[in-house]
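Heads up: the structure comes next, in structure tokens.
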Amino acid sequence: MKTLYRLAPVLLLLLLAACSQLIGPSASDYLERNVSVWNSLIAQVNQWSAGADAERLTEAMVERKGVADFKFSMGNARQQAVDMRDQMKALKTPDDATEVHAKLVASLEVAVRWYDAMLKLTDLPDGFSDEQAAPLLEAMDVQGSQFDTLTDALDKLQDAYAAKHGINLHRNEDPSMHDK
């Protein structure tokens, strides 16, 4: 019987852990994961929209050569976005996180489509024409605009969810915003 009493705390912890897996994460744990994934995605997207990768790609587009050199690293960034999307789709969420979760998944899906549009640029041959590039750049811009719209909406939903549960949010700031 003494063994049972010694094992009781361990069994209780195992039971609580099992229940946690069945009912999903707490609001705090969920929001921490949501914001962490979002911060990772934003850092990655910023690299390709305003960072060093974007500058090199823009230079290749202006020179009209070497855009194919970006296919591998851009493909890796796309795959990371796909992995984040798939992980978040599979994540159990608290009942009251449905809207914030759906907005994050939608944002991740648009990010994947944005990378898909960018990857089409890497198929342009050296010396490509404006006519070849224009529809690809337009498709990329459309996805980028949708991503920006979702970003604003997701930020507001995350803030509201955090306020509802008394959680302090910690987001990665875009360093380019401080220069403006």
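Filter the range 115-165 down to the residues that are among the polar types (S, T, N, Q) and either in a helix (DSSP H, G or I) or within 25 Å of residue 33 (Cβ to Cβ) (or both) and list them by number.
132, 143, 145, 146, 149, 151, 158 - these are the residues of the range 115-165 that are among the polar types (S, T, N, Q) and either in a helix (DSSP H, G or I) or within 25 Å of residue 33 (Cβ to Cβ) (or both).
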Taking residue 29, is it open to solvent by 20 Å² or more (accessible area, probe 1.4 Å), charged (D, E, K, R) and closer than 21 Å to residue 146 by Cβ? no
If I filter the range 165-180 down to residues being surrounded by 12 or more Cβ atoms within 10 Å (Cβ to Cβ) and modelled with pLDDT of 75 or more, which single residue comes out as nearest to residue 45 (Cα to Cα)? 169
The listed residue being of a type outside the set (Asp, Glu), within 23 Å of residue 149 (Cβ to Cβ) and open to solvent by 60 Å² or more (accessible area, probe 1.4 Å), out of 71, 89, 65: 89
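When the range 98-123 is examined, which residues are found to be touching a residue at least 60 places away in the same chain (Cβ under 8 Å) and more than 19 Å from residue 40 (Cβ to Cβ)?
Step one: filter the range 98-123 for residues touching a residue at least 60 places away in the same chain (Cβ under 8 Å), giving 100-101, 104, 107-108, 111, 114-115, 118, 121.
Answer for the range 98-123, where residues must be touching a residue at least 60 places away in the same chain (Cβ under 8 Å) and more than 19 Å from residue 40 (Cβ to Cβ): just 121.
Residues are listed down the side, and each one gets a yes or a no for (1) out of contact with any Phe, Trp or Tyr (no Cβ under 9 Å at 6 or more places or on another chain); (2) in a helix (DSSP H, G or I); (3) open to solvent by 20 Å² or more (accessible area, probe 1.4 Å); (4) within 19 Å of residue 147 (Cβ to Cβ):
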| site | (1), (2), (3), (4) |
| --- | --- |
| 48 | no, yes, no, yes |
| 53 | no, yes, yes, yes |
| 59 | yes, yes, yes, no |
| 83 | yes, yes, yes, yes |
| 99 | no, yes, yes, yes |
| 103 | yes, yes, yes, yes |
| 113 | no, yes, yes, yes |
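The values are calculated or read from the model by the stated rules, or taken from the named source; none is laboratory data. What you see is a predicted model, and the numbers here were worked out from it, not measured in a lab. All Cβ positions, glycine included, derive from the backbone under ideal geometry; neighbour counts span all protein chains shown. For the accessible areas, the whole protein counts, side chains as well, though only heavy atoms, and no ligand, DNA or RNA atoms are used. Shrake-Rupley method; radii C 1.70, N 1.55, O 1.52, S 1.80 Å.
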